[in-house]
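Below: the structure, in structure tokens.
The values are calculated or read from the model by the stated rules, or taken from the named source; none is laboratory data. Fair warning: this is a prediction, and the values are worked out from it, not measured in the lab. Counting neighbours? That spans all protein chains shown, and the Cβs are built from the backbone with ideal geometry, glycine included.
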Amino acid sequence: MDRAARDAICRLPATELAARIRASEISAVEATDAVLDRMEEVDGVLGAYCTPVPDHARAQAHAIAGRLARGEEVGPLAGVPIGVKDLITTRGIRTTSGSPAYKDFVPDEDDIVVERAVAAGAVVVGKTNASEFGYSATGHNPLFPATRNPWNTALTPGGSSAGSAAAVAVGLGPVALGSDGGGSIRVPAAHCGLVGFKASMGRVPVWPGCRDERYPGVSGWESLEHLGPLTRTVADTALMLSVLAGPDPRDRHSIPCDDVDWSSAAWPADLAGLRVAYSADLGYLAVHPEVRRVVADAVELFASGLGCRVEAADPGWKDPGEAFAAIIAAETDLRGMRRLIDVHGERMSPHLVDMMQLPWTAEQFTDANMVRKAVVNRMARFMADYDILITPTTAVPAFPVGIQGPTVIDGRTVPDTAWTGFTFPQNLTGQPAISVPAGFTGDGLPVGLQITGRHLADAQVLRVAAAFERVAPWAGNWPAEPA
């Protein structure tokens with residue numbers, strides 16, 4: 001296959017690629033080989049995949065091709081190559097969580113999302129890089145080279161689903177699986193010009209999840225963690241949800257999904273009269289001027305192009321950042337993590353070690369839960385007056401690789417985690433939220449717009465995103481070849 005034909009396959013959305021494979025216009029083996037070949041060419045620069053599995057992928061692809069040749073059903077993801085975040089368990093494939101403590105760990109079971117994707121015909125081409133145990137919204141860890149942003153390789157792609165975002169942004173698979181405990185799907189989607197969706201809590205079952213009680217130090221985040229896709233189009237996101245969503249008895253939080261028709265959820269809806277709240281900063285966040293500009297211009301399209309009733313409004317809570325950090329610690333296996341630090345601490349991420357060794361108290365944990373309840377209640381009252389809430393996804397564009405975040409934003413001194421302040425509230429509340437491309441900074445960096453819906457209103461969030469995609473199309477924007 002020549003390079004032009006290969007790259008044409010790699011640029012197809014999952015919906016079209018699967019249809020063409022089922023129609024025998026492209027074989028599952030050709031699609032897999034195209035992605036693996038492109039991976040060899042560009043991923044040495046990006047570091048999207050920490051554990052490629054070409055032999056495993058080709059075996060899956062050949063099996064799908066054989067089933068199609070025999071006239072058998074292969075599922076809605078027929079032959080579509082996907083990446084799987086390195087925090088999500090994959091049977092027989094190394095899953096390190098970006099930590100020296102698990103550098104040789106090979107799970108004996110798949111997470112539910114991997115089970116479902118493979119059963120639907122997906123081909124797993126490798127594990128994608130992530131920050132250590134997911135405790136950072138960037139793409140570096142002590143085990144592998146840092147993942148870099150395809151739009152500027154000196155910058156971070158965001159995280160912690162860093163490799164999943166970088167891979168999709170350059171055509172190393174049209175979709176990838178990520179996890180989101182505080183924005184880790186939506187943040188890298190914003191920084192890489194992609195669609196990143198965190199469904200309502202329980203919509204996509206999680207088991208055993210990114211952290212399992214059998215593996216010391218890595219269990220936790222049960223009430224915050226979501227798994228889901230990063231894609232290039234809203235239709236691909238809906239396709240993935242049609243495969244991933246649905247109850248499973250292994251996840252006690254999972255909910256029925258018969259109220260969502262995923263096949264039609266990505267159809268652009270008539271949004272005339274939709275009540276839209278727009279908050280540029282939640283009333284307290286420092287926001288980069290270019291992010292403000294790009295998102296404000298995008299929000300104007302909701303009024304002028306889509307007929308929405310847009311009002312500037314803030315939900316009205318105080319910054320819950322400290323409470324969120326305490327909830328993370330409370331849902332972590334602190335004793336196990338501290339044992340890992342005793343053995344591996346000199347080789348682990350300093351910010352993670354520092355967080356785990358803080359003298360946390362029961363009062364901090366209970367106070368944090370009270371703050372969470374206040375945020376949940378305030379959001380519910382706020383959303384009674386609006387159909388959706390629109391904000392930036394991140395407070396800044398992508399920044400240099402190797403730091404946790406900027407400490408000065410728009411002239412204000414802030415903690416190095418403050419730039420993620422738009423995303424984690426939806427993990428506290430469990431509401432559906434999607435990041436979609438809003439436009440570009442003057443330096444050519446993607447900026448994400450976050451659309452949050454009422455709890456369980458997943459279909460409406462996708463329809464709003466699809467309507468915005470129609471008036472501000474983004475799927476044709478590709479970064480230059482990494483160099």
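Return the residue satisfying two criteria in turn: it lies in the range 46-55 and is part of a helix (DSSP H, G or I) and farther than 20 Å from CYS192 by Cβ, and of such residues it is nearest to the chain's Cα centre (by Cα). Spell out how you get there, then give the answer.
Here is the first cut: in the range 46-55, the residues part of a helix (DSSP H, G or I) are 46, 54-55.
Then keep just the ones that are farther than 20 Å from CYS192 by Cβ; that gives 54-55.
Numbers: PRO54: 24, ASP55: 26 Å.
Only one residue fits best here, namely PRO54.
State which residue pairs qualify: first residue under 16 Å from LEU334 (Cα atoms) and inside the range 355-372, second residue part of a loop (DSSP other than H, G, I, E, B) in any location, beta carbons under 7 Å apart, and separation of 6 or more residues or different chains.
Going by the 7 Å Cβ cut-off, the qualifying pairs are MET355/TYR135.
Got at least one residue in the range 244-263 being at pLDDT 95 or above and either among the hydrophobic types (A, V, I, L, M, F, W, C) or not in a loop (DSSP other than H, G, I, E, B) (or both)?
Checked the range 244-263: at least one residue is at pLDDT 95 or above and either among the hydrophobic types (A, V, I, L, M, F, W, C) or not in a loop (DSSP other than H, G, I, E, B) (or both).
Could you tell me how many of the residues in the range 186-206 are touching a helix residue (DSSP H, G or I) at 6+ places or on another chain (Cβ under 8 Å) and either closer than 18 Å to PRO150 by Cβ or acidic (Asp, Glu) (or both)?
Within the range 186-206, residues that are touching a helix residue (DSSP H, G or I) at 6+ places or on another chain (Cβ under 8 Å) and either closer than 18 Å to PRO150 by Cβ or acidic (Asp, Glu) (or both) number 9.
Hey, among the residues in the range 307-356 that are charged (D, E, K, R) and under 27 Å from the mean Cα position of the chain (by Cα), which one's nearest to LEU282 (Cα to Cα)? Please lay out each step first, then the result.
If we filter the range 307-356 for residues that are charged (D, E, K, R), which is where we start, we get 309, 311, 314, 318-319, 322, 331, 333, 335, 338-339, 342, 346-347, 354.
Then drop every residue that is not under 27 Å from the mean Cα position of the chain (by Cα), which leaves 314, 318-319, 322, 331, 333, 347, 354.
On the way: ASP314: 5, LYS318: 9, ASP319: 9, GLU322: 16, GLU331: 26, ASP333: 32, ARG347: 37, ASP354: 28 Å.
My answer is ASP314.
When only residues in the range 267-325 that are part of a helix (DSSP H, G or I) and among the small types (Gly, Ala, Ser) count, which is farthest from ASP387 (Cα to Cα)?
Narrowing the range 267-325 to residues part of a helix (DSSP H, G or I): 289-304, 321-325.
Next cut, among the small types (Gly, Ala, Ser) only: 296, 298, 303-304, 321, 323, 325.
Details: ALA296: 19, ALA298: 18, ALA303: 14, SER304: 18, GLY321: 25, ALA323: 27, ALA325: 29 Å.
Filtering the range 267-325 for residues that are part of a helix (DSSP H, G or I) and among the small types (Gly, Ala, Ser), the one farthest from ASP387 (Cα to Cα) comes out as ALA325.
Of the residues that make up the range 439-447, is at least one over 16 Å from the mean Cα position of the chain (by Cα) and within 20 Å of GLY181 (Cβ to Cβ)? Spell out how you get there, then give the answer.
Kept after step one, since they are over 16 Å from the mean Cα position of the chain (by Cα), are these residues of the range 439-447: 439-445.
Retained after the next criterion (residues that are within 20 Å of GLY181 (Cβ to Cβ)): none.
Scanning the range 439-447 turns up no residue that is over 16 Å from the mean Cα position of the chain (by Cα) and within 20 Å of GLY181 (Cβ to Cβ).
Being of a type in the set (A, V, I, L, M) and part of a loop (DSSP other than H, G, I, E, B) is the filter; apply it to the range 121-157 and report the residue that is farthest from ASP104 (Cα to Cα).
Pass one, the range 121-157, residues of a type in the set (A, V, I, L, M): 122-125, 130, 137, 143, 146, 154-155.
Next, only the ones that are part of a loop (DSSP other than H, G, I, E, B) stay: 122, 130, 137, 143, 146, 154.
Working: ALA122: 25, ALA130: 16, ALA137: 24, LEU143: 11, ALA146: 19, ALA154: 29 Å.
Residue satisfying both the conditions and the ranking: ALA154.
Count, please, the residues in the range 118-144 that happen to be surrounded by fewer than 24 Cβ atoms within 10 Å (Cβ to Cβ) and among the β-branched types (Val, Ile, Thr).
Final tally of qualifying residues: 2.
Rundown of residues vs (1) in contact with a helix residue (DSSP H, G or I) (Cβ under 6 Å, 6 or more places away or on another chain); (2) within 30 Å of PRO400 (Cα to Cα), yes/no style:
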residue: CYS50; (1), (2): no, yes
residue: ARG70; (1), (2): no, no
residue: ILE112; (1), (2): no, no
residue: ALA119; (1), (2): no, no
residue: THR128; (1), (2): yes, yes
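Quick one: would you say ILE9 is within 25 Å of PRO479 (Cα to Cα), in contact (Cβ under 8 Å) with a residue 12 or more places away in the chain and in a helix (DSSP H, G or I)?
Values: within 25 Å of PRO479 (Cα to Cα): yes; in contact (Cβ under 8 Å) with a residue 12 or more places away in the chain: yes; in a helix (DSSP H, G or I): yes.
For ILE9, the condition - within 25 Å of PRO479 (Cα to Cα), in contact (Cβ under 8 Å) with a residue 12 or more places away in the chain and in a helix (DSSP H, G or I) - is met.
Does THR147 satisfy the criteria of being more than 17 Å from VAL114 (Cβ to Cβ), modelled with pLDDT of 95 or more and either of a type in the set (D, E, K, R) or surrounded by fewer than 24 Cβ atoms within 10 Å (Cβ to Cβ) (or both)? Talk me through it step by step, then tell me what you get.
Details: more than 17 Å from VAL114 (Cβ to Cβ): yes; modelled with pLDDT of 95 or more: yes; either of a type in the set (D, E, K, R) or surrounded by fewer than 24 Cβ atoms within 10 Å (Cβ to Cβ) (or both): no.
When the stated conditions are applied, THR147 does not pass them.
Across the range 130-157, what is the total count of residues that are under 18 Å from ALA483 (Cβ atoms) and more than 17 Å from the chain's Cα centre (by Cα)? It would help to see each step written out before you state the result.
Filtering the range 130-157 down to residues under 18 Å from ALA483 (Cβ atoms) leaves 145-157.
Checking which are more than 17 Å from the chain's Cα centre (by Cα) leaves us with 145-146, 151-155.
Residues flagged as under 18 Å from ALA483 (Cβ atoms) and more than 17 Å from the chain's Cα centre (by Cα) within the range 130-157 amount to 7.
Among (1) charged (D, E, K, R); (2) within 23 Å of PRO446 (Cα to Cα); (3) without any contact (Cβ under 8 Å) to a residue 24 or more places away in the chain, which single condition is ARG252 missing?
With (1) charged (D, E, K, R); (2) within 23 Å of PRO446 (Cα to Cα); (3) without any contact (Cβ under 8 Å) to a residue 24 or more places away in the chain applied to ARG252, the lone miss is (2).
Every residue in the range 373-410 that is free of Cβ contacts under 8 Å to residues at least 40 places away in the same chain, farther than 17 Å from ASN427 by Cβ and exposed (fewer than 13 other Cβ atoms within 10 Å of the Cβ), please.
Going through the range 373-410, the residues free of Cβ contacts under 8 Å to residues at least 40 places away in the same chain turn out to be 373, 377, 381, 384, 406-408.
Those left that are additionally farther than 17 Å from ASN427 by Cβ: 381, 384, 406-408.
Hits for the range 373-410 are ARG381, ALA384, VAL408.
Could you look through the range 167-189, keep only residues that are among the aliphatic types (A, V, I, L, M) and part of a loop (DSSP other than H, G, I, E, B), and pick out the one that is surrounded by the most Cβ atoms within 10 Å (Cβ to Cβ)?
First, pick out the residues of the range 167-189 that are among the aliphatic types (A, V, I, L, M): 167-170, 172, 175-177, 185, 187, 189.
From the residues that got through so far, the ones that are part of a loop (DSSP other than H, G, I, E, B) too are 170, 172, 185.
Values: VAL170: 26, LEU172: 31, ILE185: 35.
It comes out as ILE185.
Quick one: which residue in LEU306, LEU244 is in contact (Cβ under 8 Å) with a residue 24 or more places away in the chain and in contact with a Lys or Arg (Cβ under 8 Å, 6 or more places away or on another chain)?
Numbers: LEU306 fails: in contact with a Lys or Arg (Cβ under 8 Å, 6 or more places away or on another chain).
It is LEU244.
Looking only at the range 18-45, count how many residues are among the polar types (S, T, N, Q) and in a helix (DSSP H, G or I). Spell out how you get there, then give the answer.
Initial filter on the range 18-45 (among the polar types (S, T, N, Q)): 24, 27, 32.
Checking the rest, the ones that are also in a helix (DSSP H, G or I) come to 32.
Looking only at that region, the number is 1.
May I ask you to list the residues in the range 150-186 that are more than 21 Å from PRO13 (Cα to Cα) and either modelled with pLDDT under 95 or not polar (S, T, N, Q) (or both)?
ALA154, LEU155, GLY158, GLY159, ASP180, GLY181, GLY182, GLY183 - these are the residues of the range 150-186 that are more than 21 Å from PRO13 (Cα to Cα) and either modelled with pLDDT under 95 or not polar (S, T, N, Q) (or both).
Residue check, SER200 against (1) modelled with pLDDT under 95; (2) of a type outside the set (A, V, I, L, M, F, W, C); (3) within 21 Å of ALA235 (Cα to Cα), all met but one. Which one?
Of (1) modelled with pLDDT under 95; (2) of a type outside the set (A, V, I, L, M, F, W, C); (3) within 21 Å of ALA235 (Cα to Cα), only one is false for SER200: (1).
Look at VAL287 and say whether it is touching a Pro at 6+ places or on another chain (Cβ under 6 Å), of a type in the set (A, V, I, L, M, F, W, C) and closer than 12 Å to PRO392 by Cβ.
Details: touching a Pro at 6+ places or on another chain (Cβ under 6 Å): no; of a type in the set (A, V, I, L, M, F, W, C): yes; closer than 12 Å to PRO392 by Cβ: yes.
Considered against the rule, which asks whether it is touching a Pro at 6+ places or on another chain (Cβ under 6 Å), of a type in the set (A, V, I, L, M, F, W, C) and closer than 12 Å to PRO392 by Cβ, VAL287 comes out as no.
Answer yes or no as to whether GLY92 is within 26 Å of HIS344 (Cβ to Cβ), in a loop (DSSP other than H, G, I, E, B), more than 22 Å from the chain's Cα centre (by Cα) and not acidic (Asp, Glu). Walk me through how you get there before you give the answer.
Details: within 26 Å of HIS344 (Cβ to Cβ): yes; in a loop (DSSP other than H, G, I, E, B): yes; more than 22 Å from the chain's Cα centre (by Cα): yes; not acidic (Asp, Glu): yes.
Yes; evaluated as a whole, the condition is true for this residue.
Provide a single number: the residues in the range 271-302 that are loosely packed, with under 14 Cβ neighbours inside 10 Å and free of Cβ contacts under 8 Å to residues at least 12 places away in the same chain.
Total satisfying the criteria: 1.
In the range 255-279, how many residues are under 21 Å from LEU224 (Cα atoms) and touching a helix residue (DSSP H, G or I) at 6+ places or on another chain (Cβ under 9 Å)?
First pass over the range 255-279, keeping only residues under 21 Å from LEU224 (Cα atoms): 255-257.
With touching a helix residue (DSSP H, G or I) at 6+ places or on another chain (Cβ under 9 Å) added as a condition, the list becomes 257.
Matching residues across the range 255-279 total 1.
Being of a type in the set (A, V, I, L, M), in contact (Cβ under 8 Å) with a residue 40 or more places away in the chain and touching a Lys or Arg at 6+ places or on another chain (Cβ under 8 Å) narrows it down to one of ALA467, ALA433, so name that one.
Details: ALA467 fails: touching a Lys or Arg at 6+ places or on another chain (Cβ under 8 Å).
Going through ALA467, ALA433 in turn, the sole match is ALA433.
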